[in-house]
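Visitor: Below is one structure. I have some questions about it.
The values are calculated or read from the model by the stated rules, or taken from the named source; none is laboratory data. Note that this is a predicted model, so its numbers are computed, not measured. Every residue, glycine as well, gets a Cβ built from its backbone with ideal geometry; the counts of neighbours run over all protein chains shown. Please note that ligands, DNA and RNA were not included when accessible areas were found on the heavy atoms of the full protein model with its side chains. Shrake-Rupley method; radii C 1.70, N 1.55, O 1.52, S 1.80 Å.
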Number of protein chains: 2
Amino acid sequence: MKHQITIKDIANKLGLSTSTVSRALKDHPDISPKTRTAVKELAGLLGYRPNRIALNLRNNSTRTLGLIIPEIEHYFFSAIINGIEEVAYKNDYSVMVFQSNESYKREVINTQAVLTNRVDGVLVSFSKETRDFSHFQRLIDNEIPVVFFDRVTEELQADQVVADDYQGAFLAVNHLIEKGCRRIAHFAAPQTLTIGKSRLSGYHDALLKHGIPYNPSLVVLADTFETAKKAAHEILRKTERPDGFFAVNDMSAIAIIKAARELGIRVPDDVKVVGFENSKSSALIEPELTSVDQFGFELGREACLLLLKRLKDDDDVSEFKPVKKVIKTKLVVRGST
Amino acid sequence: MKHQITIKDIANKLGLSTSTVSRALKDHPDISPKTRTAVKELAGLLGYRPNRIALNLRNNSTRTLGLIIPEIEHYFFSAIINGIEEVAYKNDYSVMVFQSNESYKREVINTQAVLTNRVDGVLVSFSKETRDFSHFQRLIDNEIPVVFFDRVTEELQADQVVADDYQGAFLAVNHLIEKGCRRIAHFAAPQTLTIGKSRLSGYHDALLKHGIPYNPSLVVLADTFETAKKAAHEILRKTERPDGFFAVNDMSAIAIIKAARELGIRVPDDVKVVGFENSKSSALIEPELTSVDQFGFELGREACLLLLKRLKDDDDVSEFKPVKKVIKTKLVVRGST
DNA sequence: CTCAAAATTTCAACCGATTGCAATTGTTTT
DNA sequence: AAAACAATTGCAATCGGTTGAAATTTTGAG
């Protein structure tokens, strides 16, 4: 990088001290109008920009947020990043993005990276592998505000922002039942993730409400396209095949639709399918997928707003009370049901 | 943030000077083994981590890269970010992400933000609106290495990484012709973007090769789902409708397939469609979309590698020769042709 | 036991900006 | 004209770490 114009350059050229220049630039009342204009003029002329790093050092703040996320290449997460970046941008914060790639080990390294980079706060959605949360506890111990979103845990004293997974699942399954389904399968996420548990429990309670017995053999762990495709093939070949599917995400739901087509089973006539995410893809496939919108953009926005709020009132650390923000979901009905 | 352990804390506790501690921590030969181990031990005990900001200030380097991108919420770009983050991670760099949201004005602000944040280098794919490139020139004037990817320009002396758009388009249209199409429409991107021009020219030359006259009325500006859907409806209703489509991206291609279905036109029997991107969605729709894979992940990797190379040999600034790296594309044939 | 060489440690400046306090200049009052 | 006061400006420390050069201590040879 080229030599950047510093306050010292301006001071020298005008025969002033750096302190005077500094004060002149920020309209300190002590400075005479004459020198103030002179300083500002020259600063403009030379294209002076304050050195953020020097300010970071002095203020012990970087105006930067860390974002630790499993995979960027996933509609839901990219929507969240979008929401986060939007809020950060409006509040003059920058965002550093770190991917864990669903790897616990890499996630630990990511937490070290955010510490090293001295970010002011961190937004986290942890990996599927993560069981131990001590690396996040280390952030909290350093009094770096952390907000968890989507993938959250009760093990830590930290803010959370989640979609209303239980409500979404309940809506979805209720909808299937009202459409006439009686034998509804659930393609679930790992039960180590809160979203896995909540969505299963919404599924369970919706069945209960309509007096349909809960049948564990209809619940399968399948939260990716590949696993879901395989599982759907198996379960659809059984003699007593399901007449409805509630999938934990859109990719799994789409895999089910594809599997059904391959087996000559009609959607929605023979089998109805509901996904969770309301991704772009859900409107592209045929039939279009009924899905629970979990408003990733809003979720990201809320998470970032909450974090910025924490950064503002960071004084009352002693009486810290974690907040759990729940974003309502919405069922978007399309051709697959 | 809590008080962080500094080199001074260690120095005080051991009755040493900060310089000794500093040198001890980095195995300077001047330091006696005794003090070295003592310092390292205490540092480990207290959980000392060097303050990156202080180092940034001294070294005038942040080990941070800036990334300016139109929209994260787009498969191709998120794949690119993935590739960039991967390379940055392996080389111990962090990535700051800024979205322009396809807005020129916001993009200008983004370039200011990367300047303010004193990133070591910048990766850019500019917005559709951008005609004037002086904000990027300002980065170059500040001798901040800039690498453009996907959306590039010849107006600036800067490195570029692009997919082989011409080749990809040629492959696609050639494929359509070999499959029997004679009246091929092209849904194009704005001709202000190099990708728009290159893909059109590949389309043009493939027609030429097979002796099919170029017909401007078959070229339509339509690079989003909505515009393409509308345009497809219009063109498919004409008496002399096309028998093949080459779309500038997958979203447009999928819109064409949907429009055809709505009009009762069969794909691929009546009309064949090829997209560009090979996004996840292309394998989800029915029929699956034939598409040109532009390897977003690799493109991001290459762009980042090129930038890091520039950062390494930043000495020979005088004899700067911009590099243009072209990533070969590949036609992935599926059910839509 | 002395003195120089070697080993070890400290001093001080620096990166760029901020800020309390001291110092300088200019103005007014008596 | 001197004292008192206000208006400006400069000094120096600070943030945390690095590094050339100086200062100190240790070691070993004569």
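Visitor: When region B:35-79 is examined, which residues are found to be among the hydrophobic types (A, V, I, L, M, F, W, C), away from DNA strand C (no atom under 16 Å from the Cβ) and out of contact with any strand residue (DSSP E or B) (no Cβ under 7 Å at 6 or more places or on another chain)?
Guide: If the condition is that a residue be among the hydrophobic types (A, V, I, L, M, F, W, C), away from DNA strand C (no atom under 16 Å from the Cβ) and out of contact with any strand residue (DSSP E or B) (no Cβ under 7 Å at 6 or more places or on another chain), then B:LEU45, B:LEU46, B:ALA79 are the ones that fit.
Visitor: For region A:227-235, indicate whether the set of residues that are in a loop (DSSP other than H, G, I, E, B) and of a type outside the set (A, V, I, L, M, F, W, C) is non-empty.
Guide: Checked region A:227-235: no residue is in a loop (DSSP other than H, G, I, E, B) and of a type outside the set (A, V, I, L, M, F, W, C).
Visitor: Considering only residues that are more than 9 Å from chain B (Cβ to nearest Cβ) and closer than 17 Å to B:LYS2 by Cα, which ones fall in region A:42-65?
Guide: A:ARG58, A:ASN59, A:LEU65 - these are the residues of region A:42-65 that are more than 9 Å from chain B (Cβ to nearest Cβ) and closer than 17 Å to B:LYS2 by Cα.
Visitor: A follow-up question, please. Does region B:92-105 include one or more residues that are out of contact with any strand residue (DSSP E or B) (no Cβ under 9 Å at 6 or more places or on another chain), of a type in the set (Gly, Ala, Ser) and within 11 Å of DNA strand C (Cβ to nearest atom)?
Guide: Taking every residue of region B:92-105 in turn, none turns out to be out of contact with any strand residue (DSSP E or B) (no Cβ under 9 Å at 6 or more places or on another chain), of a type in the set (Gly, Ala, Ser) and within 11 Å of DNA strand C (Cβ to nearest atom).
Visitor: Okay, next question. Looking only at region B:147-166, decide whether some residue is under 17 Å from B:ILE69 (Cβ atoms), assigned to a strand (DSSP E or B) and within 14 Å of chain A (Cβ to nearest Cβ).
Guide: No, region B:147-166 contains no residue that is under 17 Å from B:ILE69 (Cβ atoms), assigned to a strand (DSSP E or B) and within 14 Å of chain A (Cβ to nearest Cβ).
Visitor: Here's something else I'd like to know. Among B:SER103, B:SER94, which is the only one that is at the interface with chain A (Cβ under 7 Å from one of its Cβ atoms), of a type in the set (Gly, Ala, Ser), touching a residue at least 12 places away in the same chain (Cβ under 8 Å) and open to solvent by less than 40 Å² (accessible area, probe 1.4 Å)?
Guide: B:SER94
Visitor: Could you list all residues from region A:19-34 that are in a helix (DSSP H, G or I) and either loosely packed, with under 10 Cβ neighbours inside 10 Å or near DNA strand D (Cβ under 6 Å from one of its atoms) (or both)?
Guide: A:SER19, A:THR20, A:PRO33, A:LYS34
Visitor: What are the residue pairs meeting all of these: first residue in region A:1-17, first residue free of Cβ contacts under 8 Å to residues at least 60 places away in the same chain, second residue of a type in the set (D, E, K, R), Cβ atoms under 8 Å, and 6 or more apart or on different chains?
Guide: Correct list of pairs: A:MET1/B:ARG118; A:MET1/B:ASP120; A:MET1/B:GLU143; A:LYS2/B:ASP141; A:LYS2/B:GLU143; A:GLN4/A:ARG49; A:ILE5/A:ARG49.
Visitor: Give region B:106-122 a look and list any residue that's among the charged types (D, E, K, R), touching a Leu at 6+ places or on another chain (Cβ under 7 Å) and open to solvent by less than 10 Å² (accessible area, probe 1.4 Å), or say none.
Guide: Correct list: empty.
Visitor: Let me ask something additional. Would you check if B:ARG334 is open to solvent by 70 Å² or more (accessible area, probe 1.4 Å) and at pLDDT 95 or above?
Guide: Spelling it out, it is not the case that B:ARG334 is open to solvent by 70 Å² or more (accessible area, probe 1.4 Å) and at pLDDT 95 or above.
Visitor: Please specify each residue of region A:266-278 satisfying the condition of being in contact with a helix residue (DSSP H, G or I) (Cβ under 9 Å, 6 or more places away or on another chain) and open to solvent by 10 Å² or more (accessible area, probe 1.4 Å).
Guide: Listed by number, the residues that qualify are A:ARG266, A:VAL267, A:ASP270, A:LYS272, A:GLU277, A:ASN278.
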